[in-house]
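Reading through the structure tokens given below for one structure.
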């Protein structure tokens, strides 16, 4: 997991006043702790969550735990349902209507190992939430991220919580079609724990590859946005314990770190002055606790041709899904 002793967010996060940040899955676990520290240090933070009531409860708890946040207008709700590409796009559009800048996007939300389920859009839910929805939401926010990056002294970042579990993704993936993304190794419909885990791991490999290609494309455009993927460590969240078998929960209870420490790598990636001072070193990097640059061990992660295929397949699937119109949803957010 790595030591967290040399990093203290209360000490090491700089003043973030004037910055606007989005944290997905911010109502619990790592996302909640990430949101707390970013807001306490001055940022305006949007909690991008799929359930408004839980997000509002989280905002109330954050303000109760951190009196300095009360009445400051730093915490806001944004409805985000990553399992739907249409709604992921709508969430990005809604945010752009509300804000003139976006300094940091923290893609924290994710689906753990669960049953094989196809969404209404025909996408396996883990792939929809962990990869395709993330890609749609991130791409939807890119125009605002790019505009912010043009400002003098800007330090725009896209931070994504992936996982060291990418190491157990399927062997020899192709990522050439929706079937390739949906049905890893013929595991469709299988409900055993290992197939569930494999689906999760493969989606996390997709994170690393898609983000690497995103950084490459931004570099070609000359856009100074820093893209970082990370493993937060083994973190004892309620969700992890809920979806893990009993024997894994025994190991988690003995080795895992609490969500407050599990947020350290996300906070480092989102705010560290060290990254701003040495952007060339950190752009496109994969970090492990608390902010150590690590070279991914799976060769597929470094396969530029395969990353390009994943990017093109992702783009094709997204375009096909978004070409099907849906009824516009009512506005979901209230200015606070």
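Miscellaneous remarks
Condition check ((1) in contact with a strand residue (DSSP E or B) (Cβ under 8 Å, 6 or more places away or on another chain); (2) in a helix (DSSP H, G or I); (3) surrounded by fewer than 14 Cβ atoms within 10 Å (Cβ to Cβ)) across all residues:
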| position | (1), (2), (3) |
| --- | --- |
| 116 | yes, no, no |
| 131 | no, yes, no |
| 138 | yes, yes, no |
| 144 | no, yes, no |
| 157 | yes, no, no |
| 166 | no, yes, no |
| 174 | no, no, yes |
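- Looking only at residues of region 75-91 that are part of a helix (DSSP H, G or I) and buried (at least 23 other Cβ atoms within 10 Å of the Cβ), we find that the one that is nearest to the chain's Cα centre (by Cα) is 88.
- On the stretch given as region 176-187, residues that are assigned to a loop (DSSP other than H, G, I, E, B) and either in contact with a helix residue (DSSP H, G or I) (Cβ under 9 Å, 6 or more places away or on another chain) or buried (at least 23 other Cβ atoms within 10 Å of the Cβ) (or both) total 3.
- Just one of the listed residues (42, 110, 18) is within 22 Å of residue 268 (Cα to Cα) and surrounded by 18 or more Cβ atoms within 10 Å (Cβ to Cβ), and it is 110.
- Filter result for residue 282 (at pLDDT below 95 and more than 30 Å from residue 87 (Cα to Cα)): no
- Taken residue by residue, region 63-74 has at least one member that is in a loop (DSSP other than H, G, I, E, B), modelled with pLDDT of 95 or more and crowded, with 17+ Cβ neighbours inside 10 Å.
The values are calculated or read from the model by the stated rules, or taken from the named source; none is laboratory data. Only a predicted model underlies this, so the values are computations on that prediction, with no experimental measurement involved. Heads up, the Cβs are rebuilt from the backbone with ideal geometry, glycines too, and the neighbour counts pull from every protein chain shown.
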